[in-house]
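The values are calculated or read from the model by the stated rules, or taken from the named source; none is laboratory data. These figures come from a predicted structure and were not determined experimentally. Please note: Cβ atoms are built from the backbone with ideal geometry, for glycine as well, and neighbour counts cover all protein chains shown. Accessible surface is based on the protein model in full, side chains and every heavy atom, while ligands, DNA and RNA are left aside. Shrake-Rupley method; radii C 1.70, N 1.55, O 1.52, S 1.80 Å.
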Amino acid sequence: MKYLKIEKARYVGSLKVELTFNDGVVVVIDFGSWIQMNPHPQYNRYLDEKKFKKFYLDDMGNIAWGKNRDLYFDINELHDGGLAA
């Protein structure tokens, strides 16, 4: 495996996303709790479920929100469960 990437991201409710990595690891991340603990105008908009659900996987296999990656997380921290629900 050359590098770690997210192969699949599935919204599971309550601002949580199930991530499947290219090494087979699957974690559920509670991004809503992280946003609430790290308030910032750039992030707070994603507490709105409609906006939150517009996440995408970028060309490097990372999860992000917004046109300019307004909300973006370190893939290793996600993989290791640092933000796990």
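So the values come out like this:
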item	result
Cα extents of the chain along the three principal axes, largest first (Å)	37, 25, 19
Tally of Lys pairs whose C-alpha atoms are under 21 Å apart, taken over the chain, 8 or more apart or cross-chain	19
Of all accessible heavy-atom area on the chain, the percent that carbon and sulfur account for (1.4 Å)	47 percent
Set of region 23-42 residues, backbone N closer than 20 Å to the point 7 Å along the Cα-Cβ line of Asp58	23, 29-32, 34-35, 40-42
Calculated [θ] (222 nm, deg cm²/dmol) that DSSP helices of n ≥ 4 give over the chain, each run adding -39,500 (n - 2.57)	-4500 deg cm²/dmol
Net length gained if the chain between Asn44 and Lys67 were fully extended (0.36 nm per residue, minus Cα distance)	6.7 nm
Where the chain is the region considered: accessible area per residue in Å², 1.4 Å probe	61 Å²
